[in-house]
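Participant: The structure under discussion is supplied below as structure tokens; questions concerning it will follow.
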Amino acid sequence: MLRKFSALMVVSICLLGDRFAVAHEGHDLPSKSAKAKGKTPPVKAMPLTTSSIKARDLYQRALQDYELLYLERATIGWRAATKEDPQFAAAFALLAMNSRDPEEARNAREQSKTLAAKASPGEKLLVRWIATTQEGNFLEGIAAMNDMIAMFPRDKHVYYLVANWLMGVQGHEQAHHLLHKALDIDAEFAPALNNLAYLHAHDREFGEALESMDRYAALLPKEPNPQDSYGEILRMAGLFDQALEHYRAALKIDASFNTSQVGIADTYTLMGDQARAREEYDKAVANEPNSANRFDYRMQKAITWVREQNYVEADRELWRISVEAHSQSYELQEAQALRRMAQYAAEDKQALTRLASAEDALTHRQNLAAFERDEERARILRVRATRLFQSGQPDAAQSVLTQLGQLASDNRDRVIQECWHGAAGEALAAKGNFKEAVPELEEDQDDPETLVLLARAYKETGAIDKSRAAEDQLKATHSASLEQALAQGAAPEKIAPPPVAAK
């Protein structure tokens, strides 16, 4: 499994005495000879500030759980650490990053900012990085991240976790570089091997990906995540039967490792067995303690109905999710459910109504981190622009594109940038300007629906080889996402009646 949410920065510590900064256990401290010469060698890992042995132990166990991809256990551990030491800035920062409860994450983020004044220099950078990126200020956040890397050039955990974050914002080239720096420090650093395998798989370098997975699995034979990651990469390669074997192997190691249960469901949906996929998603939902994850898995289940072109059932499931998410103050999941209903809606008017509801959902409680709100708003604006063009409202569509362009100019978040480029390319193609559309669409090739349009744009401009390559890329993409389902022809015809949920 790859961390699918926002990456977070973690560091290990060893408590030495009362409240003061302490270094990672096992890392070098200044020697007597160095002190005698008036030199202080750089500490290899970030010091942390805490006065509670129990909080320290909870924090360390949470770190281990995080690196082994027991994400819910990690959240529980950091939550417990903040209760044991209410002055533990780093624990609050990590809780803010890992919690999927928007209110808890907001409160923890604010607390970490308040406590950072009494923390070590490294912790200050950690808090600034987490807080400012969550608040949508990527330039300041990345500056703090870079300063943190420079402060701890021999900390493999820093390299890994920054790389993990970069992968979440599509900074794959930089992440690749940092993961190799982590492996230069420790050639058997398992978390780096896991992420490196995913980077190779993203580039369709499956030989290299599986080689990294072999090394990763050999290092952690009794842990479920290597088998889970193996399954996911095999699924990405289209080797579905082998993927199922590895997912099941992960569950044999730990029956509660729920991402493998979801992986089984995702694999069956790609194999075309939607009824079996729904059964497997139901198992995942029943076994999942995290409310946000349950909503996610239910949305995946709803997509199986879209793949079968049963939009009535898809609507019913997504509508229930939006209502329940609203009642539980999960604004992001509410907005996602409504936006997905709009994506496959038969009528443009119906889609636009749902998109308005989705955007409104993002402001119900003001708990969402700014980056999550802005990313989802960018996705909503992109779909809205498409529907306005399709419904013959070019002026309204251009107004939406202007809003999206402003959002992109104010925020360097890669998700927002891709939405902007994809929407701009789609608008140019809608006007028949395929030559100018191509470079815009090329910036959003991870979106399967964009890839369909890009293949057409290449063909229209005479780039036949590139058009075929784009078509081949789409055929070789194995994703359980709604966008993939729609790109493969699951969208309803325009003459279809309005879905039931709207009634």
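The values are calculated or read from the model by the stated rules, or taken from the named source; none is laboratory data. Just so it is clear, the structure is predicted and the values come from calculations on it, not from any experiment. Cβ atoms come from the backbone with ideal geometry, glycine included; neighbour counts cover every protein chain shown. Surface areas here come from the heavy atoms of the whole protein model, side chains and all, with no ligands, DNA or RNA. Shrake-Rupley method; radii C 1.70, N 1.55, O 1.52, S 1.80 Å.
Participant: Being in contact with a helix residue (DSSP H, G or I) (Cβ under 8 Å, 6 or more places away or on another chain), open to solvent by less than 60 Å² (accessible area, probe 1.4 Å) and in contact (Cβ under 8 Å) with a residue 40 or more places away in the chain is the filter here; which residues of region 284-313 pass it? Reasoning before the result, please.
Facilitator: Here is the first cut: in region 284-313, the ones in contact with a helix residue (DSSP H, G or I) (Cβ under 8 Å, 6 or more places away or on another chain) are 284-285, 287-290, 292-309, 311-313.
Those left that are additionally open to solvent by less than 60 Å² (accessible area, probe 1.4 Å): 284-285, 288, 290, 292-293, 295-307, 311-313.
Once the filter is applied, which keeps residues that are in contact with a helix residue (DSSP H, G or I) (Cβ under 8 Å, 6 or more places away or on another chain), open to solvent by less than 60 Å² (accessible area, probe 1.4 Å) and in contact (Cβ under 8 Å) with a residue 40 or more places away in the chain, region 284-313 yields ASN290, ALA292, ASN293, PHE295, MET299, GLN300, ILE303, VAL306, ARG307, TYR311, VAL312.
Participant: Oh, and also: For region 397-439, enumerate the residues that are under 23 Å from the mean Cα position of the chain (by Cα), of a type outside the set (Gly, Ala, Ser) and part of a helix (DSSP H, G or I). Steps first, answer last, please.
Facilitator: Within region 397-439, the first condition is being under 23 Å from the mean Cα position of the chain (by Cα), and the residues that meet it are 404-405, 407-423.
Subset that is of a type outside the set (Gly, Ala, Ser): 404, 407, 410-421.
Answer for region 397-439, where residues must be under 23 Å from the mean Cα position of the chain (by Cα), of a type outside the set (Gly, Ala, Ser) and part of a helix (DSSP H, G or I): LEU404, LEU407, ASP410, ARG414, VAL415, ILE416, GLN417, GLU418, CYS419, TRP420, HIS421.
Participant: Right, something else. Which one of the conditions (1) open to solvent by 50 Å² or more (accessible area, probe 1.4 Å); (2) free of Cβ contacts under 8 Å to residues at least 40 places away in the same chain does MET151 fail to meet, given that it meets all the rest?
Facilitator: MET151 satisfies every listed condition except (2).
Participant: I would also like to ask the following. For the list (1) among the small types (Gly, Ala, Ser); (2) at pLDDT 95 or above; (3) farther than 18 Å from ALA342 by Cβ; (4) out of contact with any Lys or Arg (no Cβ under 9 Å at 6 or more places or on another chain), I need the number of the one condition that ALA378 fails.
Facilitator: Only one criterion in (1) among the small types (Gly, Ala, Ser); (2) at pLDDT 95 or above; (3) farther than 18 Å from ALA342 by Cβ; (4) out of contact with any Lys or Arg (no Cβ under 9 Å at 6 or more places or on another chain) is unmet by ALA378, namely (3).
Participant: Okay, next question. Looking only at region 157-184, how many residues end up being modelled with pLDDT of 90 or more and open to solvent by 50 Å² or more (accessible area, probe 1.4 Å)?
Facilitator: Total satisfying the criteria: 7.
Participant: Give the residue that is farthest from ARG414 (Cα to Cα), with candidates limited to residues of region 376-396 that are open to solvent by less than 50 Å² (accessible area, probe 1.4 Å) and either in a loop (DSSP other than H, G, I, E, B) or among the aliphatic types (A, V, I, L, M) (or both).
Facilitator: Applying the filter and picking the extreme gives SER391.
Participant: Out of ASP472, ASP446, which single residue is within 26 Å of TYR198 (Cα to Cα), open to solvent by 70 Å² or more (accessible area, probe 1.4 Å), out of contact with any Asp or Glu (no Cβ under 9 Å at 6 or more places or on another chain) and at pLDDT below 95?
Facilitator: ASP472
Participant: Filtering region 215-226 down to residues that are farther than 19 Å from LEU244 by Cβ and part of a helix (DSSP H, G or I), which residue is most open to solvent (accessible area, probe 1.4 Å)?
Facilitator: Among residues in region 215-226 that are farther than 19 Å from LEU244 by Cβ and part of a helix (DSSP H, G or I), the one most open to solvent (accessible area, probe 1.4 Å) is ARG215.
Participant: Write out, first by first residue and then by second, each pair whose Cβ atoms fall under 6 Å of each other, whose residues are 6+ apart or on separate chains, and whose first residue, in region 163-184, is closer than 21 Å to ASP444 by Cα while the second is modelled with pLDDT under 85.
Facilitator: As it stands, the answer is ASN164/ARG3; ASN164/ALA7; TRP165/ALA7; GLY168/SER6; GLY168/ALA7, since those pairs meet every condition given.
Participant: A further question follows. Considering region 329-347 alone, what residues qualify as being surrounded by fewer than 18 Cβ atoms within 10 Å (Cβ to Cβ) and under 22 Å from the mean Cα position of the chain (by Cα)?
Facilitator: SER329 - this is the single residue of region 329-347 that is surrounded by fewer than 18 Cβ atoms within 10 Å (Cβ to Cβ) and under 22 Å from the mean Cα position of the chain (by Cα).
Participant: Which residues, counting only those in region 248-280, are assigned to a loop (DSSP other than H, G, I, E, B), open to solvent by 20 Å² or more (accessible area, probe 1.4 Å) and more than 21 Å from GLU317 (Cβ to Cβ)?
Facilitator: Within region 248-280, ASP254, ALA255, SER256 qualify.
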